[in-house]
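Taking it in order: structure first as structure tokens, then the write-up.
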Amino acid sequence: MRIKVEPFLMKKGNRVAKAAVEFESNDGLLAGFHLVGFTICDDAEKGLFVLFPAVNTKDKDGGNRTFFFLRPNADDQIEKLESQILDVYDSMIAKPFNGVVVKST
């Protein structure tokens, strides 16, 4: 699995970059797939955080419901993935040119 991060050329609100998880040849059934839709945000109160791929839908009562594409088996898995994505972003912003950065895990 590799994490790929691309900064936005212009900051979009508090959104500073997008990220994807790319599955490599040794990742079994998911080899060759990319999971996109991660957004890295920088908020004055929260600091850096990651928005995970999700879709908002309407339920039968007209309310909003969020459907997340990633559902962890253990509570700490989302935090670990967020930490890895932010590590890639942090390593990227320390460089003078903010190009695409990829990290294999």
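Exposed loop chymotrypsin sites (Phe, Trp or Tyr not before Pro) only (DSSP loop, at most 14 other Cβ atoms within 10 Å): please give the longest stretch of the chain free of them, not including the sites.
Segment 34-68 is the longest.
What percent antiparallel are the DSSP beta bridges of the stretch 7-49, to the nearest 5?
100 percent
For the pairs K18/K58; K11/K60; K4/K60, note any where the Cα-Cα span goes beyond 30 Å.
Beyond 30 Å between Cα atoms: K11/K60; K4/K60.
So who's got an amide H within less than 5 Å of the one on L48, skipping anything under 5 residues away but keeping other chains? H placed 1.01 Å off N, in plane.
Close amide H contacts, sequence-distant or interchain: D43.
Less than 13 Å Cβ to Cβ from R65, Lys/Arg counted +1 and Asp/Glu -1: what total charge do the surrounding residues give?
Spelling it out: positives minus negatives among the neighbours equals 0.
Based on the Cβ-Cβ distance from T66 to R15, what FRET efficiency comes out when R0 is 22 Å, to the nearest 0.05?
0.80
Quick one: grab the alpha carbon gyration tensor of the chain, order the square roots of its eigenvalues as a ≥ b ≥ c, and give me rounded if a/c is under 1.5, else prolate or oblate depending on whether a/b is larger than b/c.
Oblate is the answer for the chain, as a/c is 1.5 or above yet b/c matches or exceeds a/b.
Could you check which residue among K58, K46, K80 shows the biggest mean-square fluctuation in a GNM of the chain with a 10 Å Cα cutoff?
K58
Laboratory data are not the source of any read-out in this text; all were calculated from the coordinates shown. Please read all numbers here as calculations on a predicted model, not as lab measurements. Note: ideal-geometry Cβ built from the backbone for every residue, glycine included; neighbour counts use all protein chains shown.
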